[in-house]
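Report on one structure; see the data block that follows.
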């Protein structure tokens, strides 16, 4: 690849956010309603973590259905969030995601959340690359 694109060119813009103090049920409903698997987690408007549908699935493997209403996002989200600037080269992001075994990264500009880049976005980008190199 002659030119490695920045993450902003392949991210999904306008990442959805959920407050860290919301019930897990609220986050799960957002994911279902918007057909997404990842949410940026905020506290007072600042990025503090990430939540995936997998986090919720692991949390809810217990016998009590109402866990989603009683537990808060802070109880199940990852506070070790991987975020990158919108100009970060795509190859660097992909390498970091693979090394960290994570399915998404939050994209920021001047500290403001502007998008998300997921494994699905990576697959879509790779397919486009392959079609272009034929």
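The values are calculated or read from the model by the stated rules, or taken from the named source; none is laboratory data. All values reported here derive from a predicted model rather than from experimental measurement. Reconstructed Cβ throughout: ideal geometry from the backbone, glycine too, with neighbour counts over all protein chains shown.
Taking helices (runs of 4 or more DSSP H) as the structural unit, those lying wholly within the stretch 1-86 and holding at least 1 residues that are modelled with pLDDT of 95 or more and surrounded by fewer than 19 Cβ atoms within 10 Å (Cβ to Cβ) correspond to 24-34, 73-76.
Of the residues in the stretch 97-119, not one is over 30 Å from residue 4 (Cβ atoms), at pLDDT 95 or above and more than 14 Å from the chain's Cα centre (by Cα).
State whether the residues of the stretch 107-122 include one that is part of a strand (DSSP E or B), in contact (Cβ under 8 Å) with a residue 60 or more places away in the chain, buried (at least 17 other Cβ atoms within 10 Å of the Cβ) and touching a helix residue (DSSP H, G or I) at 6+ places or on another chain (Cβ under 6 Å). Checked the stretch 107-122: at least one residue is part of a strand (DSSP E or B), in contact (Cβ under 8 Å) with a residue 60 or more places away in the chain, buried (at least 17 other Cβ atoms within 10 Å of the Cβ) and touching a helix residue (DSSP H, G or I) at 6+ places or on another chain (Cβ under 6 Å).
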